[in-house]
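**Student:** Can you keep this structure in mind? I'll have questions shortly.
The values are calculated or read from the model by the stated rules, or taken from the named source; none is laboratory data. All figures in this text were calculated on a predicted structure; none of them were measured in a lab. Quick reminder, even Gly has a Cβ in these numbers, built from the backbone with ideal geometry, and neighbours come from all protein chains shown. Heavy atoms of the whole protein, side chains included, go into the accessibility calculation; ligands, DNA and RNA do not. Shrake-Rupley method; radii C 1.70, N 1.55, O 1.52, S 1.80 Å.
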Amino acid sequence: MAEAPEPELLRDPESYARLLEHVREAVLQGVPGPRPPRSVVSDSWNRSLAARVDPDEGEAPFVYDTGDLAALREAHPLAPVLPVLRQMLVSIADDAEHVMIVTDADGLILWREGAAGQLLRGDRVGLTEGTRWSEAAIGTNAMGTALATGDPVQIYSAEHLVRRYHAWTCAAAPVRDPETGVLLGSIDVSGPLRTVHPAMLSLVTATAQLAEGQLRAQLAIRDEQLRRVNMPHLDALRGRPGALLSAGGRVLAAQACLLPSTVDVRRGGGTVTLPDGRIATVEPLAEGYLLRLSSPSTGGGPRSRLSLEYLADGAFSTTVDGREVPLTLRHAEILTLLSLHPNGLSAERLALQLYGESGNPVTVRAEIHRLRSQLGASVVQTRPYRLAADVDADFTRARTALRTGSPADVLRAFRGPLLPDSEAPAIREERESLTAQVRQVALNSGDASVLWSFWETACGVDDFAVLDALLKTLPAADPRRAAVTAHRARLA
């Protein structure tokens with residue numbers, strides 16, 4: 001989530017720029033400053049300095065000349081949406097004395113448009129086509145930081161790490177491939193600090209979303225064309241189970257079978273194992289694939305029963321077919337993520353969800369190997385990593401109760417935070433989301449018993465809003481009221 005412009009910036013940009021300069025100098029010298037930098041800026045400065053960007057003499061490197069850029073532009077996935085970007089941003093950039101910039105995923109400026117005066121001003125500092133604006137190349141800037149974080153960002157004056165860009169402010173948003181989620185590049189509007197406008201970041205973000213919508217519409221058209229061309233191959237199966245897949249493995253059409261939305265295909269086709277254990281053959285077509293199911297059923301013996309009791313204040317329990325298996329926290333995290341993704345996860349995605357951007361798939365593979373040795377290969381399967389067991393997890397029961405149950409049902413299912421000691425990014429996000437929803441159900445219920453149940457968990461015990469709601473609903477003669485009153489007084 002992008003941080004909003006600070007009030008000082010909008011009231012007096014010049015004074016705010018001087019304040020930012022003092023903040024930057026203090027950080028670089030390692031002394032106390034007038035205030036800390038914004039967290040997104042501080043993190044970016046750390047990454048930039050680690051990449052050995054020179055704060056005083058750094059300059060955006062020139063990578064390609066104009067002749068070499070032509071082929072890169074023509075082949076880039078954002079080329080088809082350039083008319084939309086021009087329509088949304090160029091006239092506004094002109095009026096605000098800004099320039100519109102489009103980069104690739106590595107921060108290379110592919111397109112730059114705006115008023116002639118601003119383009120000349122950009123030329124003097126290397127803000128031109130063919131230069132690279134990744135954080136590793138030139139330090140903190142909106143384009144590079146948006147690509148590094150995957151989020152929209154606005155960078156003001158001396159928030160740029162490199163001094164020569166302190167007269168500039170810029171807002172940028174990343175654009176992702178709607179099929180794969182991979183970063184394609186960024187859209188940026190840059191100009192002088194004195195013309196900064198609080199709506200610029202919102203405008204750039206909306207434009208990036210519009211560009212992704214255009215790419216999604218174009219993908220749908222290509223999918224329909226591919227379906228029409230390849231449908232004879234599916235018809236030739238004469239009703240036997242099969243499907244048409246895109247080049248990336250997305251299911252475009254299927255007959256006589258239920259499939260996940262995407263099949264993990266290898267280049268050139270071959271045999272694949274579906275998340276539920278079925279075996280299929282993938283045959284390459286001129287574009288895309290034809291999938292044939294080898295068997296309509298999963299085969300094999302009865303599935304194991306896996307029970308996960310992970311909503312607690314510290315302890316967690318894992319049982320297989322009634323047998324409790326002691327697991328490390330890391331293995332409990334893996335089982336949680338696999339149960340939340342029944343179609344499976346690749347080593348890369350599992351590493352990202354467990355460790356963040358620093359995750360290593362090799363580490364994940366080693367952990368999966370150890371986990372399979374404990375639970376059995378029939379419980380945890382590979383390609384992709386998935387659970388091949390009947391899973392009963394307390395956190396999924398709580399999610400179901402939130403959708404279909406009463407407030408009392410929700411609090412019966414929810415006994416505490418999900419794996420509270422876990423710092424895995426995806427677990428933390430799921431824990432916070434689940435807790436927030438249960439908390440809101442309790443507060444909205446107006447039911448003393450429901451509120452009391454939530455207060456008894458580690459999530460609610462020190463929550464003033466819950467305590468106050470209890471004091472409003474508990475009768476004066478209820479002995480629980482005295483406990484709540486005393487606890488609130490201790491907190492206050």
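**Student:** Once you have the Cα-Cα distance between Ser15 and Ala79, take 0.36 nm times their residue separation minus that, and quote the gain in nm to one decimal.
**Tutor:** 19.1 nm
**Student:** Which of the peptides 441-448, 201-208, 277-284 is most tightly packed, and how do the rest follow, going by the mean number of other Cβ atoms within 10 Å of each residue?
**Tutor:** Result, highest mean first: 201-208, 441-448, 277-284.
**Student:** Continuing with the same structure: If you stretched the chain out fully between Val182 and Leu340, how much longer would it get, using 0.36 nm times the residue separation minus the C-alpha to C-alpha distance?
**Tutor:** Gain on stretching Val182 to Leu340: 54.7 nm.
**Student:** Please give the FRET efficiency for Ser91 paired with Arg330, using the beta carbon to beta carbon distance and R0 = 60 Å, rounded to the nearest 0.05.
**Tutor:** In this case the efficiency is close to 0.70.
**Student:** In the chain, what percent of the accessible surface is made up of carbon and sulfur (1.4 Å probe, ligands and nucleic acids excluded)?
**Tutor:** Taking all protein chains in place, the chain shows 52 percent carbon and sulfur surface.
**Student:** Given [x] -0.29, -0.52; [y] -0.26, -0.46; [z] -0.40, -0.71, which label gives log10 I(q)/I(0) by the Debye sum over Cα atoms at q = 0.06, 0.08 Å⁻¹ as computed from the coordinates?
**Tutor:** Only one listed value fits the structure, namely [z].
**Student:** Still on this structure, please answer the following. Extending each Cα 7 Å along its Cβ direction at Gln440 and Arg365, get the distance between those two points in nm, one decimal.
**Tutor:** 4.2 nm
**Student:** Now for a separate question. Are there GluC sites (Glu not before Pro) in region 49-95 that DSSP marks as loop and that have at most 16 other Cβ atoms within 10 Å, and which are they?
**Tutor:** Here the sparse-neighbourhood loop sites are Glu57, Glu59.
**Student:** Which loop-located trypsin sites (Lys or Arg not before Pro) does region 16-88 contain, where loop means any DSSP state but H, G, I, E or B and the Cβ has at most 14 other Cβ atoms within 10 Å?
**Tutor:** Passing sites in region 16-88 are Arg52.
**Student:** How far apart, in nm, are two points set 7 Å out from the Cα along the Cα-to-Cβ line at Ala217 and at Arg403?
**Tutor:** 3.1 nm
**Student:** May I ask you to compute the full-extension gain from Ser42 to Ala136, defined as 0.36 nm times their residue separation minus their alpha-carbon distance, rounded to one decimal in nm?
**Tutor:** Full extension from Ser42 to Ala136 adds 32.4 nm.
**Student:** State, as an integer percentage, the relative contact order of region 76-221 based on alpha-carbon contacts under 8 Å between residues 6 or more apart.
**Tutor:** Value for region 76-221: 23 percent.
**Student:** Quick check: pseudo-label points 7 Å beyond the Cα along Cα→Cβ at Glu287 and Val63, how many nm apart are they?
**Tutor:** It works out to 2.8 nm between the two label points.
**Student:** Note down the relative contact order for the chain as a percent, whole number, built from C-alpha pairs under 8 angstrom at least six residues apart.
**Tutor:** 9 percent
**Student:** Once you sort the root eigenvalues of the Cα gyration tensor of region 37-184 as a ≥ b ≥ c, which label holds: rounded (a/c under 1.5), prolate (a/b larger than b/c) or oblate (the other case)?
**Tutor:** It comes out rounded by the Cα gyration axes.
**Student:** Just to verify a number: FRET efficiency for Glu456 and Thr262, C-beta to C-beta distance, R0 = 41 Å, to 0.05?
**Tutor:** Rounded to the nearest 0.05, the efficiency is 0.45.
**Student:** Find the accessible area per residue for the chain; the probe is 1.4 Å, ligands and nucleic acids are left out, and the unit is Å².
**Tutor:** 47 Å²
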